[in-house]
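Before any comments, here is the structure.
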Ligand SMILES: [Zn+2]
C-alpha cells in the first residue's frame, strides 16, 4: 500500500493535471459562450455582423482562459510531480547504497589505501629432490643413483 510512494505521487500529479486542464477548459468554454452571446446581443442592435463579433469575442475569451488555465495546471503540477520524483530518486539511492554496502561486506576486507604487493607471494615448494626417469622401465630414480633401482638400466 505504501510501496513506490514516489511513483504514486507522480501518477496522482498527472491525474490532477489532466482533471485541472479539463475543468479549466470547461470554464473557458462557459466563459466564451457567455462573452460571445453578450457581444452578439450588444452589437446586434446596430450591426449586421453581430454573430461573427460574438464568435470572435468568445474565441478570444476561450483562448485566454484556457491558456491561463493550462499554465496554472502545468506549473501547479511541477511541485507534486517533483516531490514524487524526489521520493523515487531517494528510494533508488537507498537501494543502491544497500547493494554497495552488501557488496563491500561480502568482499574480503581489502585495505583501501594500502598498495597491493606487486606480485602475490607464492609459498616456496619444499625442496624436492631431483630425480631421473629410467628410459627402460619409466621408474623414477634418485638423482645421485647411477642405475635404475627397479631394472638396473644405467642412467642416460
Ligand atoms: Zn629401470
So residue 58 ticks every box in (1) away from the ligand (no atom under 16 Å from the Cβ); (2) modelled with pLDDT of 85 or more; (3) more than 30 Å from residue 38 (Cβ to Cβ) but one. Which box is left unticked? (3)
Matching entry among 54, 67 (being surrounded by fewer than 14 Cβ atoms within 10 Å (Cβ to Cβ) and free of Cβ contacts under 8 Å to residues at least 24 places away in the same chain): 67
Give the residues of segment 139-156 that are within 10 Å of the ligand (Cβ to nearest atom) and in contact (Cβ under 8 Å) with a residue 12 or more places away in the chain, sorted by residue number. 139, 141, 148, 150, 151, 153, 155
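The values are calculated or read from the model by the stated rules, or taken from the named source; none is laboratory data. The shown structure was predicted, so the numbers you read here are calculated from the model rather than taken from an experiment. Backbone-built Cβ (ideal geometry, glycine too); neighbour counts: all protein chains shown.
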